[in-house]
Amino acid sequence: MNQRTTVTGVILAGGESRRFGSPKALAKLGNQTFIERAVQLLQEEVDDLLIIAHSTIASTIEKLLPSVTVITDVPDHAGKGPLAGIYTAMDYANSHWYFVMPCDMPYLSKESIRTFFSHQRTEDDAVLSCIHNRTQPLVGLYHERVKTTLEDCLSRQDLRVMKALDLLNVHWLTEKHFDTNVQREFQNINTPNSVG
């Protein structure tokens with residue numbers, strides 16, 4: 001374990017999803033909730049797995065997935081969005097890398113996750129994607145060293161993910177790096193009718 005790079009999987013489950021009308025994590029595609037699908041997708045690709053959930057749905061997810069660790073944002077940064085979720089994961093689990101994904105990308109594939117892993121470089125702070133000129137900062141790898149940068153941003157109340165990324169050495173992948181239908185895979189589901 002000392003020689004090998006460890007990776008913690010981090011699923012950002014969000015909260016009440018007001019735009020969606022109900023918690024996205026509990027929305028269904030077929031007979032699976034988004035959060036179950038995300039866990040199934042990621043758990044075999046990482047060393048351990050965390051779900052970061054809003055306090056309003058954390059207990060529901062714990063009952064649904066009793067074998068997965070579900071945590072809420074660290075108190076100092078609760079409710080501060082995705083940056084707080086990523087920081088909370090880094091604060092909770094000691095790992096070299098963190099593979100982050102939101103629960104609302106139910107079409108993401110194992111192949112695409114492995115593509116991120118195959119492009120890791122020691123000098124990278126993060127390995128993320130920009131698909132058809134649209135950045136996807138919440139899917140990909142973050143190195144443990146970015147924790148202090150995230151903490152600084154959160155303490156300054158600068159919660160914009162892209163602003164934080166300006167401070168990091170990001171290795172950007174594009175659609176050319178992926179062998180799958182990235183247009184579909186990297187689609188966030190924002191309304192109930194966009195499922196299916």
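For segment 45-196, a simple Cβ point-charge model (Lys and Arg +1, Asp and Glu -1, everything else neutral) yields a dipole of about 360 debye relative to the Cα centre.
Label reach from Thr174 (point 7 Å along Cα→C-beta): in segment 96-139, amide nitrogens under 16 Å belong to 128-136. Shape descriptor for segment 37-105: Rg over Rh equals 0.92 (Cα atoms; Rh from the Kirkwood inverse mean 1/r). Apply the Debye scattering formula to the chain, with a single equal point scatterer on each alpha-carbon and no solvent, then give log10 I(q)/I(0) at q = 0.12 Å⁻¹. Debye intensities relative to I(0), on a log10 scale: -0.55.
Available extension along the chain between His132 and Ser55 is 24.3 nm, counting 0.36 nm per residue and deducting the alpha carbon span.
Looking at segment 1-153, the DSSP beta bridges with both ends there are about 40 percent antiparallel. Compared with the direct C-alpha span, the chain from Ser118 to Glu144 gains 7.6 nm at full extension, assuming 0.36 nm per residue. Remark: segment 38-46, residue by residue, has Karplus-estimated 3J(HN,Hα) of 4, 4, 4, 5, 9, 4, 7, 9, 10 Hz, where x stands for each Gly or Pro and the curve is 6.51 cos²θ - 1.76 cosθ + 1.60 at θ = phi - 60°. Percent of Cα-Cα pairs more than 19 Å apart in segment 103-196, please. Pairs farther apart than 19 Å: 45 percent. Would you work out which of Ala84, Ile131, Asn94 lies farthest towards the positive end of the dipole of segment 81-147? Charges go on Cβ: Lys and Arg +1, Asp and Glu -1. Looking along the dipole axis, the top candidate is Ile131.
At an R0 of 30 angstrom, the distance between the Cβ atoms of Gln43 and Arg156 translates into a FRET efficiency of 0.30.
Largest accessible area first, the listed residues Lys110, Lys163 line up as Lys163, Lys110 when surface is computed with a 1.4 Å probe on the assembled protein chains.
The values are calculated or read from the model by the stated rules, or taken from the named source; none is laboratory data. This is a predicted model, so every value here is computed, not measured. Backbone-built Cβ (ideal geometry, glycine too); neighbour counts: all protein chains shown. Only protein heavy atoms, including side chains, enter the accessible area calculation; ligands, DNA and RNA are left aside. Shrake-Rupley method; radii C 1.70, N 1.55, O 1.52, S 1.80 Å.
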